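Data block below; observations after.
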Amino acid sequence: MPTDQAIENQSTTLDSVVIRFCGDSGDGMQLTGGQFTDTSALFGNDFATFPDFPAEIRAPKGTTFGVSGFQVHLSSESIFTPGDRVNAMIAMNPAGFKVNLEDVEPGGIVIVNEDEFTKGNLSKCGYLDGYNPLEDDEINNKYALVKVPMSRLTKESLADSGMGAKDVNRCRNMFALGIAYWLYERSLDHTKEYLVKKFAEKKGLPEVAKINIRALEAGYYFGETAEVFPARYRVPKAKQEPGTYRQISGNEATVLGLVTAAQKASKPIVYASYPITPASGVFHGLAHLKRFGIKTIQSEDEIAAICTAIGASFAGDIGVTGTSGPGLALKGEAMGLALMLELPLVIVNVQRAGPATGLPTKTEQADLLQAMYGRHCESPLIIVAPRSPSDCFNMAIEAVRLAVEFMTPVIYLSDGYIANGAEPWKVPSVGDIPTINITHPKQEDFADGEFLPYARDPETLKRPWAIPGTPGLEHRVGSLEKEAGTGNVSYDADNHDYMVRMRAKKVANAANSIPLLEVDGDPSGDVLVLGWGGTFGSITTAINEVRASGHSVSYAHLQYLNPFPSNTEEVLGSFKKVVIPEINLGQLSTLIRSKYLIDTIGINIVKGKPFRVETLVERITEVVSS
Amino acid sequence: MSATESKISELPIYTAKDFTTDQDVRWCPGCGDYAVLSAVRKALPGIARKREDYVFVSGIGCAARFPYYMETYGMHSIHGRALAVATGVKCANPGLEVCVVSGDGDLFSIGGNHTIHTMRRNVDITILLLNNKIYGLTKGQYSPTSETGKISPTSPAGSIDYPINPIAIAVATGCTFIARSLDVDMKGMDAIIKRAMAHRGTSFVEVYQDCNIFNHKAWFYASQKDTMPENTIKVEHGKPLIFGTDRDKGIRFNNGRPEVVLIGQNGITEADLIVHDETDMFLASMYAQMAHPEFPEPMGILHADPTKPTYNDLLYQQLEEAKQKSGQPDLQALITGNESWEVQ
């Protein structure tokens, strides 16, 4: 491990930096970026990440549509987004360079593997014959371009390793990571340990671990000795509340939230799902947690998955199904069944860009109206939406709590951005998380009367959850309209009207069981920005910038979309203008306008990407200064 | 898993009445479903199970009203999805006896996918297919088991669909218990239901059921006093395949193919006939292809393989193994993860 002292006084201290690693989808960019993030997290930076990968697993090598990227924003301050503008980019091939260059700030560092900028590779990604961007004066003037023959240097540094060309070639990403570690004064220790664990211990390939470590060190030494970099950079530790921290992505936090809810409810979870991007990560995570009594079932299709979860809830477990937008559409009828049966059910929907297959690996917030109305007839259910990767933990617990507290399906709207993005998370103490109380009636409870499967709790309006195997409480539930109380099939007109209203009222009543909408900033004034779900980080950052330039603006963020918090109308009524940024064409605006009869100003951008902070700043500033 | 399986002597003494709800049965008078309901209600007291441990699940269709009439736990779900729901019930609590009552539309049209995959996984569920070869509840359209040429409201010129073969599907999926019965054969049905419920794995029972409103007499070639002996053959484990009013006909292999023969003619004796072996999937495969009028249609338990582990057993086995391996699971350690850091 090289020491830093030689160049100690040459380094520039930065508050924050945005780095993007990019290359071919086979170049290991997600791993490289992940390692850089882990190391920075352990060092003590605040961070946010944004992995961006193609839907194709291995698109033809060297093409622009096969480019995989990983962006990480490191800071000594509190940050909420992976950043708009890239300060430094490491491009492993011309395709990655071409796709990502426009996001790099003028003057930003661009490190390229120049060995890959061959005639053939340049033409593969659509550069005109005879043109090499690395020789373009305009590009050289605009960016701090650093050309490194990474392929050759990796090969040379491993020449005596005795390993084949294929294995050696695969170490290029570690060479690049070594350069990045040198440039940002990071320790190699964590990645070395990781490589030993991954290759030597788990896969029994110690020699592969060895060459990767050597490539990593070679990259680091290259940075130190080659003198091609203008400076080294240091991003000091962030000031964080004391405690235990970890890095967490939204999908990981969803998994941990569901497991925690199950433990707090003393109930097993049956998670039935059909693999779909970007929700599969939740499935993968839960499948490894059998020791916590989590039963995962890979169903034959989306409909089977939700129906199996419903069956599990009927039998007394907590049924959970997970999907993305297209799958949610397929589950529509069964969601109606669950709310007719009045059984607890959690439907995890990690939203992606669509419609139809759309952009499976890109993010969007456009399933809100589907979640709200995407079923036939009057079929309200509870909708919650986590606001950040770590908030997925809290909201997954909330989804389970509300499902059992109100005996109703709950849709949990995550999105591809927070599902795959990661941030530091102060790990909560399990003991501080409240218990979820569940009672199943017993025959003795009805010694003086009759068990009525559709009798309602006067406060919550939920029905009792009597489960098969309980003597004396045998009963039938079904998709036909239920008679109030008995649950028998009823075609009575007034009963139907009553039950339709009861089901709606029950869901509306959940407003009494959720937190009030908090306003950040003045509780009344000219402009309120109202967000929901995974845009919290971008909007928060934008609001801070708008305020820093002297404007007054308040901000509220909804994590509960149905019902809305009970003070929502009051909050909205305290402002002259309500601005709603969302990654759709105005779905929350539609709900707010129709429910509260107020006008809203939408900021709607639907590019399959998270909001750019600078766009939000511009658009919010327009409203506050008009 | 067997915690709730009890010795019959320890159970309350049930009669069919104990399994009868106060709900009026609303099938058309004369519907074959009545016979199946009655057979099930009568069979359950003879099975070593507590009443509260039964769960009847159905989809949509005439047959799907079944759970409302059984004084057990039950769910009338949505069209085609009964098996997916039943899988969830069984996986949540494998101690329950889960039975799906369904029709040909539910199981082989809208819910066909679930039928295939439930059978393939060998989830411990009993499936009763009430096959009337017609859509009754929607008023008489042809179904996936209707014969080609069927005249119906949606096929006025005759259906151009070829029918599906439920037994062949069951064989193709590796279903571990395959049986067939006639709605009028109360005795046969009783024996099959008891065996099907006792079987650990997916039990599939096809019942030829008469829809006397929209497809009356569809099964008369097999279900009547004079037609049953000639056009069906009751298979019994270990016994030769013999049928006919005078029990003078049998099935033998001729050059690898089944053939109807007359016992006593051309020197053919019982010893030349195929002997039914319910464990043999090759025979089940053959039964699936034996159709009227070339062959008598096989009735009884066509296949039973109790050796294949069930999906729910394997699921719980993996849970157990994971628990054994890890000891007491530590939630705090899980959420903290392996790469946490301390901020002072």
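The values are calculated or read from the model by the stated rules, or taken from the named source; none is laboratory data. The model shown is predicted, which means the values in this text are computed figures rather than measured ones. No Cβ is skipped: glycine too gets one built from the backbone with ideal geometry, and neighbour counts run over all protein chains shown. All accessible areas refer to the heavy atoms of the entire protein, side chains included, with ligands and DNA or RNA removed. Shrake-Rupley method; radii C 1.70, N 1.55, O 1.52, S 1.80 Å.
Helix A:613-625 and the long axis of chain A differ in direction by around 60°, with both axes built from C-alpha atoms. Spacing of the modelled spin labels on A:Ala144 and A:His284, each 7 Å from Cα toward Cβ, amounts to 3.5 nm. Annotation note: chymotrypsin sites (Phe, Trp or Tyr not before Pro) in segment A:103-142 located in DSSP loop regions with a Cβ neighbour count of at most 15 within 10 Å are A:Tyr131. What FRET efficiency would be calculated for the residue pair B:Ala271, B:Asp18, taking the C-beta separation as r and a Förster radius of 35 Å, to the nearest 0.05? For R0 = 35 Å, the calculated efficiency reads 0.15. Projecting the Cα atoms of A:Tyr220, B:Val205, A:Ser513 onto the dipole axis of the protein assembly as shown, where Lys and Arg carry +1 and Asp and Glu carry -1 at the beta carbon, places B:Val205 farthest toward the positive end. Please say if segment A:525-625 is rounded, prolate or oblate, where rounded means a/c under 1.5 for a ≥ b ≥ c the square roots of the C-alpha gyration tensor eigenvalues, and otherwise the choice is prolate for a/b larger than b/c and oblate otherwise? Oblate shape, in that a/c is at least 1.5 and b/c is the bigger or equal ratio. Taken about its Cα centre, the protein assembly as shown carries a charge dipole of about 1000 debye when Lys and Arg each add +1 at the Cβ and Asp and Glu each add -1 at the Cβ. For the protein assembly as shown, the 222 nm mean residue ellipticity estimated from helices alone, with every DSSP H stretch of n ≥ 4 adding -39500 (n - 2.57) and the total spread over all residues, rounds to -9500 deg cm²/dmol. The residues of the protein assembly as shown expose, per residue, 40 Å² of accessible area to a 1.4 Å probe.
The calculated FRET efficiency for the pair A:Glu570 and B:Val343, based on their C-beta separation and a Förster distance of 35 Å, comes to about 0.40. Peptides A:553-564, B:125-136, B:61-72 ordered by packing proxy, namely the average of other Cβ atoms within 10 Å per residue, highest first: B:125-136, B:61-72, A:553-564. Most tightly packed first, judged by the mean number of other beta-carbon atoms within 10 Å of their residues, the peptides A:508-515, A:274-281, A:343-350 read A:343-350, A:274-281, A:508-515. Using Cβ point charges alone (K and R +1, D and E -1), the dipole size of chain B about the Cα centre works out to roughly 440 debye.
Across segment B:171-181, computed HN-Hα scalar couplings (Karplus, 6.51 cos²θ - 1.76 cosθ + 1.60, θ = phi - 60°) run 4, 4, 7, x, 3, 8, 8, 10, 9, 9, 8 Hz from first to last residue, x flagging Gly and Pro. With a simple spin-label model that places each label point 7 Å from the Cα along the Cα-to-Cβ direction, the separation between B:Val25 and A:Asp189 comes to 7.7 nm.
With a threshold of 22 Å on the Cα-Cα distance, the over-threshold entries among A:Lys295/A:Lys331; A:Lys98/A:Lys119; A:Lys119/A:Lys147; A:Lys166/A:Lys203; B:Lys50/B:Lys308 are B:Lys50/B:Lys308. Inter-chain Cβ neighbour count for A:586-597, averaged per residue, equals 0 (cutoff 10 Å, partner chain atoms only). For the segment A:242-248, counting C-beta atoms of other chains within 10 Å of every residue's C-beta and taking the mean gives 5. With a Förster radius of 56 Å applied to the beta-carbon distance between B:Glu294 and A:Arg593, the computed FRET efficiency rounds to 0.20.
Most tightly packed first, judged by the mean number of other beta-carbon atoms within 10 Å of their residues, the peptides B:214-226, B:36-48 read B:36-48, B:214-226. Placing unit charges on the Cβ atoms only, positive for Lys and Arg and negative for Asp and Glu, gives segment A:443-513 a dipole magnitude near 440 debye about its Cα centre. Normalising the Debye intensity of chain A to I(0), with uniform scatterers on Cα atoms only, and taking log10 at q = 0.05, 0.06, 0.11 Å⁻¹ returns -0.26, -0.37, -1.08.
Here the contact order of chain A, divided by its residue count and restricted to Cα pairs under 8 Å and six or more residues apart, works out to 12 percent.
Enter the angle in degrees (range 0 to 90, nearest 10) between the Cα long axis of helix A:493-509 and the first principal axis of the Cα atoms of chain A, meaning the one along which they spread out most. Result, in degrees: 40. Computed over chain B, relative contact order equals 14 percent, with contacts defined as Cα pairs under 8 Å that lie 6+ residues apart.
Along the axis of the charge dipole computed for the protein assembly as shown (Cβ charges of +1 for Lys and Arg, -1 for Asp and Glu, origin at the Cα centre), the listed residues A:Gly608, A:Thr39, B:Pro156 are led at the positive end by B:Pro156. Of the cross-linked pairs A:Lys442/A:Lys506; A:Lys124/A:Lys197; B:Lys133/B:Lys249, which ones have a Cα-Cα span greater than 31 Å in the structure shown? In this structure, A:Lys124/A:Lys197 lie more than 31 Å apart at Cα.
Remark: mean inter-chain Cβ contacts per residue of B:91-101 equal 5, using a 10 Å Cβ-Cβ cutoff to other protein chain atoms.
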